[in-house]
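Here is the structure we will look at, set down as structure tokens.
The values are calculated or read from the model by the stated rules, or taken from the named source; none is laboratory data. Keep in mind that this is a model prediction, so the values were computed, not measured. Cβ coordinates were reconstructed from backbone atoms using ideal geometry, including for glycine residues, and neighbour counts include every protein chain displayed.
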Amino acid sequence: MKNIYTSFSFYCFLGTIGWTLLAYMVGSLFTPTGNTYFNGYEWLGYLFFAPLIITPILGVVFGFKGEKSKIKIISIFGNTILFFTISLLSIALIIYDFIPQ
């Protein structure tokens with residue numbers, strides 16, 4: 001049973017990387033310059049940023065519940081790094097979106 005937790009944690013790690021690339025590609029398609037995040041497609045931006053915030057947290061939680069192996073260590077450290085880079089930057093973009101300009 002613990003092997004499932006380790007696998008799920010590693011899949012969260014890979015899924016976050018894939019979801020980041022997908023969000024970047026869709027953001028580049030919907031904005032001509034590629035750097036306007038929520039201009040006209042607000043629901044789409046939040047739809048892509050929500051899993052980027054939640055998935056690394058789930059990966060760390062399930063990583064600690066998994067069995068001891070190299071994949072467990074990789075997934076815990078990888079999900080932690082992804083949380084402190086991609087997730088916190090996504091939260092900062094969402095907060096910046098609500099600040100009056």
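Points worth noting:
- Among residues of the range 20-37 being within 13 Å of the chain's Cα centre (by Cα) and buried (at least 17 other Cβ atoms within 10 Å of the Cβ), the one that is modelled with the lowest pLDDT is A23.
- Failed item in (1) more than 21 Å from I4 (Cα to Cα); (2) surrounded by 13 or more Cβ atoms within 10 Å (Cβ to Cβ); (3) of a type in the set (S, T, Y), with Y96 passing the rest: (2)
- Scope the range 76-101; condition without any contact (Cβ under 8 Å) to a residue 12 or more places away in the chain, farther than 16 Å from L21 by Cα and in a helix (DSSP H, G or I); matching residues: F77, I81, F84, L88, A92, I95, Y96, F98
- Qualifying residue in the range 65-75 (condition: in a helix (DSSP H, G or I), surrounded by 15 or more Cβ atoms within 10 Å (Cβ to Cβ), free of Cβ contacts under 8 Å to residues at least 60 places away in the same chain and hydrophobic (A, V, I, L, M, F, W, C)): no
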